[in-house]
Amino acid sequence: MRLKYSSLVVASSLAALAFSACDCAPPIAVVSEDSGVDAGAEEADAGAEVDAGEPDAGFLPDAGPLTCHTCHGTTLSDAPPRDTLGRVERGLATVGAHQSHVGPSTWHREVRCDDCHVVPATIDAPGHIDPSPAELTFSRVANASGVSARYDGGTCGAYCHGPTLEGGALTQPEWTRSDVAQTYCGDCHGVPPPAPHPQISVTDCSRCHPDARPGLGFKEPERHIDGVLDLNVTCVSCHGSGTNPAPPSDTLGRTSTSLRSVGAHRSHLGPSTWHMEFGCGDCHQVPQRYDDPGHIDSPLPAELTWSNHATAKGATPAFNGVTCSGVYCHGTTIAGGDNKTPTWTALGTGEAACGTCHSLPPTSMPHTPSMPLTQCGVCHDAVIDTNARWVRPELHINGLVEVSGGACGSCHELPPKTGAHMKHAGLAMGVYGGLDTAANLTNPTGYAFGCAYCHPSDPAKHAKGGLAEVELYNANAPLGSLKRLSPTAVYTPGTQTFTDAKGRAYTLGTCANVYCHSGPSYATPDVVPAAGTDFAFTGYPLAFPSYALNLGRSYQTANWGGAALPCGGCHGFPIRTQAPGVQAMAGQSHSWLDASGNESGHGWNHGFSPVPCTTCHTQTVTAQNATSRAASGSSIYSPVPIAGFAFHVNGKPDVVFDTARTQPYLTPKSLAGASYSQATQTCSNVACHLDQTAVKHGTPFRSDTVTPECNVCHQY
């Protein structure tokens, strides 16, 4: 039975009901006070019935608890169909596509009433039950990505239907159209979106979008059309497959190697049985992010930007769309070879077979025309064996000609016994172009610098006759190698020529500006501020204002073939700075002399015995220095032998504390918990520093003259 209510009753009853947005408060039963029927009555005046076929302006749905769907929607949904006049035709704007939006979905975020309307706090809130149509106030999601959502009475234009995306077939759907569905995949964006979006299959959306399932569908529908574009993009999202970013497939989803975009990518990138593994960066600029400028916003084909590897030895690579030329990797800098311009798409045709990059055997000395392929391993056994099988393919086409094996040493001693060879390379491994050091050996008893530290690694400069070429620096040497640390190094040949045991000529020259024969230098051109004098002392730790500190190297000229250099032959012994060139011991903490000759630092050690080298460098030296003091009071150290050749002259100062040592003060201090950070040059938990738990090497300090600095360890 439907009941008619007076407007007064309806108004008073509605006013009593408060509810939140589509999440209604407990329902309130409404009973007419003038009907003459109590709440439990099953019959009413015949005049109370309403013709169900034609709702009127006084229509109110079945009496009972009031909720949102009391006036519109159904018991399962607050959204029409059934508008406030009881109508259900989808062709009406008051019904339209409400039911298609509101409620749970298997493929999109659940649309809420307040995405398009203001949901009232109470039924009689201003603007709620005033004259139709309902006002539209679009939400953040509807206006996402800069969209100005709108409804013109026929079509919708909201973020949800893809106006900011590319390739959508129906981005302005008709609200009241019911004869066809208007939310197919492809209505809001292309399937896939047009380039530069990768042209992959619709079943591959999950390669970039974590909310999508492999195949079709969504893992988390609530993340689809939520105002946020969810991306998890890796290289293989757009090209390549598995863990290999090299095509196939290309960015258009194609896999044929006859295409330039696929071609020989896989032949280059990834592990190989006969050559080093090339990287994407050898031919392309690899972006840090997928949306870096010039990555996916440039037209195809991809740009080529050659690496130092491709341009090694002065090579000038080029690609004309069909063939590569001038590339180091294909032998452009080597004599011989019958195919130095391979066709990019001619896979499986021997474009990079042995003999295509260099002759077999190569025509340069010391090769001979009759040398068989099995002889390669005699000189190049680090790369290939005497059965022509690759031993370490990663050393082939790596920018160096790896020479080792039986042939090395047949022309000269290995290492030669001339000059200072035995001091530098007495334990070196005979690999042409090698950059090994004693760190590559187990328990080395001497130095083991590879030949390439003093000689070129370019085979074109080998076996040329005459004096061996000396090359102490090469900008293309590996980062971290000593050969990259001596940009101004110079070797001056001696004036007299000698002959070794095998008839090879050599001289005894000099090396200058070589990192290996240098020590650090410091300068403070401006005032180093003093705590409590130049800046206020506010407590510990001291926070010095910035000051100028110039760092450099102090080089010693070494005579090739001269006497062995003692401690101090390359760097100070101890390392020491002095005023006025350096103020306040800035830069290093070994030893500093002020303008009066008074010493500060570990050499002074507060008047106790100078701290021996092994205390802080126990990997390098293990014997304890005998120490004394000059008449001026500055420390004197006796030399100690090098024990850790792997850590001496390796390009960095190695600080490792002798944790078994106890430093003798009035109260002995154990170093058992001491440690050092190379990155910050900071010592931690050094008992000698008492309450100063962390101290940076080179922090300013003036002996007994600046109270806050003097007390930094005690922190009085």
Exercise. Under 7 Å between Cβ atoms, at least 6 apart or on separate chains: pull out the pairs that start in region 250-268 with a residue that is on the phi > 0 side of the Ramachandran plot and end on any residue that is in a loop (DSSP other than H, G, I, E, B) and open to solvent by less than 70 Å² (accessible area, probe 1.4 Å).
Key: Gly253/Gln199; Gly253/Ile200; Gly253/Ser201; Gly263/Thr257; Gly263/Trp344; Gly263/Thr345
Practice problem: Being touching a helix residue (DSSP H, G or I) at 6+ places or on another chain (Cβ under 7 Å) and of a type in the set (S, T, N, Q) is the filter here, so list the residues in region 477-509 that pass it. | Solution: Ser486
Quiz item: Restricting region 578-622 to residues that are among the β-branched types (Val, Ile, Thr) and part of a loop (DSSP other than H, G, I, E, B), which is most open to solvent (accessible area, probe 1.4 Å)?
Solution: Thr622
Quiz prompt | Complete set of residues in region 119-133 that are crowded, with 17+ Cβ neighbours inside 10 Å and under 53 Å from the mean Cα position of the chain (by Cα) | solution = Val119, Pro120
Quiz prompt | Filtered residues of region 590-619 (kept if closer than 24 Å to Ala646 by Cα, of a type outside the set (Val, Ile, Thr) and touching a residue at least 40 places away in the same chain (Cβ under 8 Å)) | solution = Cys616
Exercise. Hey, could you check region 301-328 for residues that are among the β-branched types (Val, Ile, Thr) and out of contact with any Pro (no Cβ under 9 Å at 6 or more places or on another chain) and say which is least open to solvent (accessible area, probe 1.4 Å)?
Key: Thr305
Quiz item: Scanning for something surrounded by fewer than 17 Cβ atoms within 10 Å (Cβ to Cβ) and more than 27 Å from Ala439 (Cβ to Cβ), does region 647-660 turn up at least one residue?
Solution: no
Quiz prompt | Selection from region 147-188 of residues that are touching a strand residue (DSSP E or B) at 6+ places or on another chain (Cβ under 6 Å), open to solvent by 60 Å² or more (accessible area, probe 1.4 Å) and in contact (Cβ under 8 Å) with a residue 24 or more places away in the chain | solution = Leu165
Practice problem: Determine, yes or no, whether Ala169 is assigned to a loop (DSSP other than H, G, I, E, B) and closer than 29 Å to Phe138 by Cα. | Solution: yes
Quiz item: In region 230-253, what residues are out of contact with any Ser or Thr (no Cβ under 7 Å at 6 or more places or on another chain) and modelled with pLDDT of 85 or more?
Solution: Cys235, Gly240, Asn244, Pro245, Ala246
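The values are calculated or read from the model by the stated rules, or taken from the named source; none is laboratory data. Everything numeric in this text was worked out from a predicted model, so none of it was measured. Because the Cβ atoms are built from the backbone with ideal geometry, glycine has one as well, and the counts that use them run over all protein chains shown. Side chains are part of the model used for accessible areas, which takes the heavy atoms of the whole protein and leaves out ligands, DNA and RNA. Shrake-Rupley method; radii C 1.70, N 1.55, O 1.52, S 1.80 Å.
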